[in-house]
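In what follows, a structure is listed as structure tokens, so that the remarks can point back to it.
The values are calculated or read from the model by the stated rules, or taken from the named source; none is laboratory data. Just so it is clear, the model here is predicted, and its values are computed rather than measured. Please note: Cβ atoms are built from the backbone with ideal geometry, for glycine as well, and neighbour counts cover all protein chains shown. The area values use the complete protein model at the heavy-atom level, side chains included, leaving out ligands, DNA and RNA. Shrake-Rupley method; radii C 1.70, N 1.55, O 1.52, S 1.80 Å.
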Amino acid sequence: MSNIVLDKDSFLRRIKRLYTEWKAPSVGHDDALSNLDCIMSVVGVDEDIVYSKSMALQLWLLGYELTDTISVFASDAIYFLTSKKKIDFLKQVENISEEGVPEIKLLVRDRTDKDKNNFEKLIKIIQNSKKGKRLGVFTKDAYPGEFCGSWKKSLDEARFEHVDISVIIAYLMCPKDESEVNYMRKASLVSVDIFNKYLKDEIMDIIDSDRKVKHVKLSEGCETAIQEKKYTGGLEPTYLEMCYPPIIQSGGAYSLKFSAAADKNHLHFGVIVCSLGARYKSYCSNISRTFLVNPTETMEENYTFLVNVQEEILKLLVPGAKLCDVYETTLSYVKKEKPKMVDNLTKTFGTAMGIEFRENSIVIGPKCQALVKKNMVFNVHVGLSNLLNPEAADKEGKTYALFIGDTVLVGEQAPASVMTPSKKKIKNVGIFIKDDDSEEEEVDNKKASKDDQGTEILGRSKRNAVLESKLRNEINTEEKRKEHQRELAQQLNERAKERLAKQGNSKEVEKVRKNTVSYKSMSQMPREPDVKELKLYVDKKYETVIMPVFGIQVPFHISTIKNISQSVEGEYTYLRINFFHPGATMGRNEGGLYPQPEATFVKEVTYRSSNVKEHGEVAAPSSNLNNAFRLIKEVQKRFKTREAEDREKEDLVKQDTLILSQNKGNPKLKDLYIRPNIVTKRMTGSLEAHTNGFRYISVRGDKVDILYNNIKSAFFQPCDGEMIILLHFHLKYAIMFGKKKHVDVQFYTEVGEITTDLGKHQHMHDRDDLAAEQAERELRHKLKTAFKSFCEKVETMTKAQVEFDTPFRELGFPGAPFRSTVTLQPTSGSLVNLTEWPPFVITLDDVELVHFERVQFHLRNFDMIFVFKEYNKKVAMVNAIPMNMLDHVKEWLNSCDIRYSEGVQSLNWVKIMKTITDDPEGFFAEGGWTFLDPESGSEDENETAESEEDEAYQPSDAETDEESDDDDSEYSEASEDESDDSDEDLGSDEESGKDWSDLEREAAEEDRNHDYNTDDKRNGKFESKKQSKSSKHSRRDRMEQRSSHSKKHKSNSSSTSSHLKSSSSKHGSSSSPTKSSKDKYSNRDKHHSSSSSGHKSSKDKDKDRKRSRDDSREHGHKSKKSRH
């Protein structure tokens, strides 16, 4: 137990309260402590004992249960007798010196003599404390076992006078401190979640489906539900348990006591009384409710009266009130309002609660004189039993009981605050069902009576249960979300305006390029020979290059040099030096503004030197340039590295100094890797928590300090479903290590083989593989326990200043915040991906709104944009989220009270945010963020505008013909003769749909006809021969031309309309084809538009026509010869 942290502050505060009360009693109704000489408690081993005063005192002081341990509180010291492991745990408080706290001494058990000597020591200590006679003990606690039996025998032999201190110790522990109230609040919320999300829905489902389920089955279901995270609000199930077996009662047999047990009878659809309570870190809670199935008006009146009685009790629970007076005043209220109900009322109205479920000595009853104090927690429960319902249809429903109870915290003023906020009015617990056999008139009458009570009754075809949360006319989940989003939208702009008004006009200061001075005086100039000889000299100390310019040594700081280049041409070496100057292209990190931009700047300098070594020279003259080139590069690299480091450090916030704790019990984890790496090579190290921060020390000795006050969010991700287990810290301000700034620091260790050897023979029953799997499971469990223990220790040590959040894996969804797709997992206050690097951490408190882009049904994915409250901060984007996760993400954001919107387009967020930051008042005056709403109409307008633009690019045929007629008139005149025949031929081809052989035969026939009709006077016999030789090629060209018409249609359509118009006019005079063939011809003309690009004039058309057949392959002209 040495690795478990004991809360020293709580121990000292509580032990001081015990001794103060012992020395100077302040409790008026019990003075048992004042006459005591010593106090003793013993805790043994008995799994059947859930609650005992000895155990409660031990948990209250130490926070843990230590079995087989004797605690003796003497007047001058405190003694603990226990085993060695538990002694190691108690050593944390052994040497504490605090005023009002006696010395703490530890005794280790000696099993050789069965602790006989230790018992004798303790007996002497008790005898030496004050008078040594009266010993304060818990008389009802009796633990079995050899150790407790031997100690009891030794006490009996010493014959001390035993005084029961159960009542006074219980009253002493009743006022809760902040940490106890926090534990009880968490326990109460778990009780409410199990009741609302499990038990209530289960009962509704049973009634709705008319199933027979036993009470004990429902009770066992509640005990199982407490181990499921969806019912525990993210709390670790290992710290949760039931205070008592949940009690479900119905069917006339009711016992309004918490000692009752759920029986094996089936659930009766009448009055159902339910009680359950969760316990978190040993602190208890309770909730009791009654469901009424088809209640009569009298039953409803009685239930409403009972709720009013409980509210009266809460008003009376104020600091200083006597519990007996609270009881009597409540009883008077009952006598006044419904005197007949006095006999049916429960005998008490509640008990104090804490580590023990009920303090029987602190009861809201007629005899308890205890005073109510601030921060006391009560289980206020009130009930009415043995009530009669003469209208019941069966004997089980003739008798019924009503019972309600809550965990309440006493504050400074009335009424006491309810820690189990589950609705309990009649409209929330009334269940109204209808059978098919029931007459419509009865239903109408019931509806009318229930409407008066503000409750609706609905009937369905089957027997169905209807609760307020399940009414038929209830708005569905989507509508609820939309309503909530409308409320958030109204609040969003108002809060944003207020926030911007407080921030004021904070503008970024423009960075001016640093004006570096090489030498402040001439005395600093070097006196080297190279300088005197007017050679290039590099001064490493002052990072300066001294260059000879017109016979004068001129120093240039290295920061003024942009780049240098060296080249060798023949016998000479050239060194070119380029300088920074206004107008030059700057690097990303090199600044752009100059202190004196109007000054005259040197742009570049080039030096030339001979490569020829003269007689008597040690080296060639160019060696000076070579040396200068090397040194300038070296100094420039060093300077840029230092500048980069300085830039990194510019906006670093100075951190406090880490205060090292010398305590050996500091929380510590070993063999951890750190991300990002300190150096290139990955190394392990240890993480240790100190007084005000963590320190990570690698095996090489590198140190990384993370202070508690700089941690914005801390995460613990267990190894469930992962190959690593990690702790991640998201910081408020960046820290520097590895020469870079980092806002996210992670410590992790691997829990299995990251890589698997696929070549290895695998067998499911291989002993080695089974052993390896078992070893991995054990390693996972061991690491998970160690990390969880570390987190708990840190939370306790820092008093919750650092709280570790665990991602909810079951709520995760895929997305790509960077390059790869990862699983994004929500936590209680963030959205994170910690497994892959770089990590993705979004703190929800920083988010202004979320916008979904590309939300369209035909797309598989959508994008999510996070807009931050700090508008100058760049928006965060998550891409490629599956469309089927849209509702899941919306539901999560809605539950976190984050406003979201959606659209079909991707927006330019850089321009949007710049517009907002430039004129925030104008932005919000025009409606603010409402422009993102789909209802705003902006997207519809955009779509309309786009469609109008598309239409503008689709002119009508008539317009196209008119426009192209003017542009291509010359072309039309030159080709109108051949258009006639070519259109005719093309049309026939298209109509017939002929194959290649037919097309080739027709092309050959056309060539022959053309040969006979050629004008011999102009073209001569030679051209005729040439034409016949190329006929084979021209046929192939024409066939290719016909097959490629459809492919060229789109590219040539804009240039064919003039051809179409001119040729159609010619056709009108020369031939009279049918209307259908004209259409086909015109379509062919569109495909054929490029064929006449080679025609230049009407005079040369015959020559060009023949030449085009030979050149068709080269130029793509596939025109046909026209027939005269």
Quiz prompt | Area accessible to solvent at Lys338, 1.4 Å probe radius, in Å² | solution = 60 Å²
Practice problem: Tell me the label-point distance for the pair Asn493, Ala925, using the 7 Å Cα-to-Cβ offset, in nm and rounded to one decimal. | Solution: 1.4 nm
Quiz item: Given H placed on each backbone N at 1.01 Å, which residues far from Ile104 in sequence or on other chains put an amide H within less than 5 Å of it?
Solution: Ile78
Practice problem: Roll a 1.4 Å probe over the protein heavy atoms and report the accessible area of Cys243 in Å², nearest 10. | Solution: 10 Å²
Exercise. Specify whether the C-alpha gyration tensor of segment 178-431 places it in the rounded, prolate or oblate class, a ≥ b ≥ c being the square roots of the eigenvalues: rounded for a/c under 1.5, otherwise prolate if a/b is larger than b/c and oblate if not.
Key: oblate
Quiz item: Which residues' amide hydrogens lie under 5 Å from the amide hydrogen of Thr806, considering only partners 5 or more residues apart or on another chain, with H built in the peptide plane?
Solution: Phe716, Ser828
Quiz item: Could you give the length gained on full extension between Glu776 and Tyr572, defined as 0.36 nm per residue of separation minus the Cα-Cα distance, in nm?
Solution: 66.5 nm
Exercise. Using a Förster distance of 35 angstrom, determine the FRET efficiency expected from the C-beta separation of Arg638 and Asp918, and round it to 0.05.
Key: 0.30
Practice problem: Using only the Cα atoms of segment 245-329, build the gyration tensor, take square roots of its eigenvalues as a ≥ b ≥ c, and label the shape rounded, prolate or oblate: rounded if a/c is under 1.5, else prolate if a/b is larger than b/c, else oblate. | Solution: oblate
Quiz item: Rounded if a/c is under 1.5, else prolate if a/b is larger than b/c, else oblate: which is segment 8-173, with a ≥ b ≥ c the root eigenvalues of its Cα gyration tensor?
Solution: rounded
Exercise. Report His858's accessible area, 1.4 Å probe, all protein chains in place, as a number in Å² to the nearest 10.
Key: 140 Å²
Practice problem: Mind jotting down the distance between the C-alpha centroids of segment 44-121 and segment 229-296, whole Å? | Solution: 36 Å
Self-check item: P(r), alpha carbons of segment 797-848 - 10 Å bins starting at zero, rounded %
Solution: 24, 48, 23, 5
Exercise. Per residue of segment 875-889, in order, report the coupling 6.51 cos²θ - 1.76 cosθ + 1.60 (Karplus, θ = phi - 60°) as ³J(HN,Hα) in whole Hz, putting x for Gly and Pro.
Key: 5, 9, 10, 10, 9, 6, 8, x, 4, 6, 9, 4, 5, 4, 5
Quiz prompt | Chain lengthening between Val743 and Glu236 when straightened (0.36 nm per residue, less Cα-Cα) | solution = 179.7 nm
Quiz item: Say R0 is 25 Å: what FRET efficiency, to the nearest 0.05, do Lys340 and Lys315 get from their beta-carbon distance?
Solution: 0.60
Quiz item: Under the Kirkwood approximation applied to all pairs of distinct alpha-carbon atoms, what is the hydrodynamic radius of segment 822-932 in Å?
Solution: 14.9 Å
Practice problem: Would you pull out the residues with amide H under 5 Å of Phe737's amide H, same chain only if 5 or more places away, H placed 1.01 Å from N? | Solution: His742
Quiz item: How high is the FRET efficiency between Gln596 and Ile552 when r is their beta carbon distance and R₀ equals 22 Å, given to the nearest 0.05?
Solution: 0.55
Quiz item: DSSP loop trypsin sites (Lys or Arg not before Pro) in segment 186-229 with at most 11 other Cβ atoms within 10 Å of their Cβ, which ones?
Solution: Arg211, Lys212
Quiz item: Put a dot 7 Å past each Cα toward the Cβ at Asp205 and Thr329; how far apart are the dots in nm?
Solution: 4.5 nm
Quiz item: Residue separation times 0.36 nm, minus the C-alpha to C-alpha distance between Val27 and Val910: what's the value?
Solution: 311.1 nm
